[in-house]
Each structure stands twice: as structure tokens, then as C-alpha cells.
Amino acid sequence: MDKWIVLSVSMSMIGGISWFFFGKKGEGKKTTEKSSGIERIELNISGMHCAGCAAGIEATLGATEGIITASVNLATSKGVFEFDPSKIAKEQIIKKIGELGYQASESMEDFEKKS
């Protein structure tokens, strides 16, 4: 009898842990329908010195109206952003990064790696 109790408690704990880590996918994320109007921009970003810089840009732009995804890589000094051009323009994304104290550019000519 004790073995059955231990087995059922163990199974319910495993189920609960699995649900906690894998069952809430997509919760807390922006739910936007991807339509053909979604654009993607890759920017060169200078002035980042640590992972916190990259995370700060991701978090700030990720919370910005019109931006669907924001991914910034410190090692390559690049950021990739998917956005709805009817809500935000490329220039506004670049300006927003500038307001955070970094320099962003689409072309390598305007890019100066300062990190």
C-alpha cells in the first residue's frame, strides 16, 4: 500500500513540474497574428559592453508597441527585430535604440564598433 502512495505522489509531482516548465508556453508573450505585413530588420548596434546592455535593448524594444520580437546578440553586435510597419517604422526603432545610449545602423558603413 505504501508503494502505491509513494508512486501516485511522485507521478503527480512530476506532472506538476512538467506543467510548470512546459505547459505555459506562450503565456505572457505578445499574441499577434503574423500577417504578410510583418517586416524584419537586422541592425548593427555599437556601444554594448555587457550582456545587460543587450538584455536592456531586447526588453525595452520588446515592450514597444509594434515590435513583435527583439533579439540582440552582444558577440556579433547585431539586433534582429520583427515589427509591424503600420505601427512603427524602421527609423523609430533606430531612434529608440539611440535613446537608450547605443548607436544602431542598417549599413556597415555607418557602424563603428565601440565595445
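Every read-out reported here was derived from the displayed coordinates using simple, explicitly stated rules and does not represent laboratory data. Please read all numbers here as calculations on a predicted model, not as lab measurements. Positions of Cβ are backbone-derived with ideal geometry, glycine not excepted, and every protein chain shown enters the neighbour counts.
In terms of the Cα gyration tensor, with a ≥ b ≥ c the square roots of its eigenvalues, is the range 39-105 rounded because a/c is under 1.5, prolate because a/b exceeds b/c, or oblate? If you can, show how the numbers build up before the last one.
Numbers: a/c = 1.71, a/b = 1.67, b/c = 1.03.
Verdict is prolate for the range 39-105.
So how do Val6, Val80, Val72 line up by other beta-carbon neighbours within 10 Å, fewest first? Write out the running numbers ahead of the final one.
Details: Val6 10, Val80 13, Val72 25.
Ascending number of Cβ neighbours within 10 Å: Val6, Val80, Val72.
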